[in-house]
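Let me begin by presenting the structure, written as structure tokens, before commenting on it.
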Amino acid sequence: MSEEGKRRWTLILVREGQVNSRTLAMSRGQVLAFGSLALAALATAFFAAGKWTGDLASRGHVEALEAEVLDLREENAAMAVVAERVERLEAEYSQLRGVMGGELGASRRDILLPPLSEEDATARRVTEEQEAARFVWPVVEQGFVTRTFGDTTSVPGEEHVGVDIAVPAGSYVRTTRGGTVEEAGDDVAYGLFVKVTHDDGISSLYAHNSWLFVSAGDSVEIGEVIALSGNSGRSTAPHLHVEIEREGALVDPLDYLAEGT
């Protein structure tokens, strides 16, 4: 063995705070083996630490992705609701366009109309004799009378020629009897109005509406919705103004509509 191979290394170990020491004699091969083991242990420790740090980073990334997926699902659900709403609005818009100028034929007045109540269904089944004498209340909602026929309190010296029924704007206005639409249009005083001619020389007028479903010449049945109430024309609050004319003379509508209330 060469002189270099016989050379030995001495490791001196001294405990902190003590004078005594211990020595450990090691050959060059043992030193190299110990160093290799120390480097391997150190490398393993670094690898484990790196893997642990990487696992933490991966877990954080996964959690971030899961949160993003959850947000996307919530956004997709919200978008689905919006899409459904838009589709419904587009359908309603198409119907309204038809009402305003489209060719919907006999079905056009079925748009936005309420379902028939049992009272209305019964009214549709009455005989011709009963039909001739029957009147129904002109609004689907009950409402309440704010001004009566002949009243002069609102405008001194001027008699009120109809009856005013307070209802929210957009309430359904219906014909008190079946007949033919004589006029339907816009007037400075009446606003959007409909006038219907009935049998026995009787006609009825419905004023201050916000929307009309009928035109002059249309046939209407008893209780059929012809307009939406509003505040158009010479009006200070949402209501329906109703007039009834018999043989050319204006009469008190409540004398005819009382049974319909």
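At-a-glance table
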| read-out | value |
| --- | --- |
| Other-chain or far-sequence residues with amide H under 5 Å of His239's (modelled H) | Val167, Gly230 |
| Surrounding net charge for Glu158, when Lys and Arg each add one and Asp and Glu each subtract one, Cβ distance under 13 Å | 0 |
| Virtual spin-label span in nm between Thr197 and Ala80, 7 Å along Cα→Cβ | 5.7 |
| Residue-by-residue Karplus 3J(HN,Hα) for region 226-235, coefficients 6.51, -1.76, 1.60, Hz, glycine and proline x | 10, 6, 10, 5, x, 9, 7, x, 7, 9 |
| Net charge, Met79 excluded, C-beta distance under 13 Å - Lys, Arg +1, Asp, Glu -1 | -3 |
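Coordinate-derived values only; no laboratory data. All figures in this text were calculated on a predicted structure; none of them were measured in a lab. Because the Cβ atoms are built from the backbone with ideal geometry, glycine has one as well, and the counts that use them run over all protein chains shown.
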